Amino acid sequence: MNDETRLRRWRLILGSDAGPSSGEGLAVTLSESESQMDRILQALYDSDRKAGLGNSSPHVNRWLGDIRTYFPASVVRVMQQDALQRLKLTQLLFEKETLDTIVPDIHLVSTLLTLKNVIPNKTKATARLVVLKVVDELQRKLQQPLMQAVHGSLHRASRTNRPRDNEIDWHRTIRKNLQHYQPDYRTVIAEKLTGFRRRASALQDVILCVDQSGSMASSVVYSSVCAAVLASLKTLAIRLVFFDTAVLDMTESLHDPVDILFGAQLGGGTDIHRAVAYCQQHITRPAKTTMVLITDLVEGGDRQQLVQRIRETVQSGVLVICLLALSDSGAACHDETLASAFASQGVPCFACTPDVFPELMSQALQRRDISQWAAREKLVLKQ
């Protein structure tokens, strides 16, 4: 990159105030394309001093189209989110034309779900389509790795050396018997068979207990999609529970993640104790149950009773994991004191990104040491 290109980029970053109006400045000439980028950035980031995007839907729609023309998709998502926060464009999401123009992403879905009770009826169908696009994209991204991880872990847990004909794992059987290869017959004598037990009932139970307070919006979206994928596996029995100060069991809606999301009530307080108490009532096979509690641990209920219930749940044989966030950032602001109390009861507490979640479930279903695994993965871990 030469000096002139570097100066033009700094000019775009710093804005028009970096120009040579008085004293020393960046004396650079922007190309036509760069000038348009400068106007787009100025409308958003210089809005405290200038008119910004205005308050009309046509202006916003034109701006949303322009940013897609001049900036890559990753930057577009950041600028859209900044526009919602800085310019208070939330009201314009009520316009069908705006929703048709905007690039769907998880932050937009979180905003729409927060506003779903006040979105006009004429816009609800469009809002649902926006949410559906993001959910479909997430499912395509997460389904294969999640299913592979879970299938692999459950198969390893159910291996047998006395399989029936329809249970034989031929790839593993052949590898185990390669020393018995018969050159004359060009075949392997399978002295030892290996395969998987087939069971009519689910091998393991998984409870996803998700905090739906406003700070956990992205985690709610990812949790819903992951729960729907897991529910499609007959080898698992999935229960999905949302909570704030009340508890909402979403298990019956697992066939449709969009229905799950529109059933969420983002915002409000938090009563983790009540949610854990509810989940306890649905644990019938503790030794075969994994409970993933997804919350930042900002408890508004009975903290002492919460720790007691967690202790009882762990002692009963349930594997309990606390995810402080299930989001792209993988970082979370959380209650340090309560996280330490959970860790002292044998409950690992850390933040997790969606791409790591499949491996987490694989480790959990094999009953591996989750704390050691999280440390190896360099996740944010509270011990």
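The values are calculated or read from the model by the stated rules, or taken from the named source; none is laboratory data. Model, not experiment: these values are computed from the prediction. Cβ sites come from the backbone with ideal geometry, for glycine too, and all protein chains shown count toward neighbours. Heavy atoms of the whole protein, side chains included, go into the accessibility calculation; ligands, DNA and RNA do not. Shrake-Rupley method; radii C 1.70, N 1.55, O 1.52, S 1.80 Å.
A 1.4 Å probe run over segment 253-310, with the rest of the protein chains in place, finds 40 Å² accessible per residue.
Against the criterion of solvent-accessible heavy-atom surface with a 1.4 angstrom probe, K192, K116 sort, most first, into K192, K116.
Computed with a 1.4 Å probe over protein heavy atoms only, the accessible area of Y181 comes to about 110 Å². Amide H contacts of T270 (H built 1.01 Å from N, in plane; Pro and chain starts excluded): G300 sit under 5 Å, all sequence-distant by 5 or more or on other chains. Each label was represented as a point 7 Å from its Cα along the Cα-to-Cβ direction; for Q372 and K133 these points are 4.6 nm apart. Cross-link partners of K176 among aspartates and glutamates, defined as those whose alpha carbon lies under 13 angstrom from its own and excluding same-chain residues fewer than eight positions apart: E191.
Measuring only protein heavy atoms, the 1.4 Å probe finds V78 accessible over about 80 Å².
Applied to segment 264-273, the Karplus parametrisation 6.51 cos²θ - 1.76 cosθ + 1.60 on θ = phi - 60° returns per-residue 3J(HN,Hα) values of 6, 10, 5, x, x, x, 9, 10, 5, 4 Hz, with x for Gly and Pro.
On full extension, the segment bounded by Q42 and R285 gains 81.6 nm, given 0.36 nm per residue less the C-alpha separation. Once a ≥ b ≥ c are taken as the square roots of the eigenvalues of the Cα gyration tensor of segment 224-320, is the result rounded (a/c under 1.5), prolate (a/b larger than b/c) or oblate (a/b not larger than b/c)? Oblate shape, in that a/c is at least 1.5 and b/c is the bigger or equal ratio.
Out of segment 306-383, which GluC sites (Glu not before Pro) are coil in DSSP terms and have no more than 15 other C-beta atoms within 10 Å?
Answer in residue order: E377.
Between E252 and A190, the C-beta separation translates, for a Förster distance of 51 Å, into a calculated FRET efficiency of about 0.65. In straight-distance terms, cross-link reach from K378 covers every one of the lysines whose alpha-carbon lies under 28 Å from its own, apart from those fewer than eight places away in the same chain; here that gives K141, K288.
Radius of gyration (Cα atoms) of segment 158-292, expressed as a multiple of 2.2 N^0.38 Å: 1.54. Computed from phi, the 3J(HN,Hα) profile of segment 341-346 under the Karplus parametrisation 6.51, -1.76, 1.60 (θ = phi - 60°) reads 5, 5, 4, 5, 9, x Hz, with x in place of Gly and Pro.
Ligands, DNA and RNA aside, H171 has an accessible area near 140 Å² when probed at 1.4 Å.
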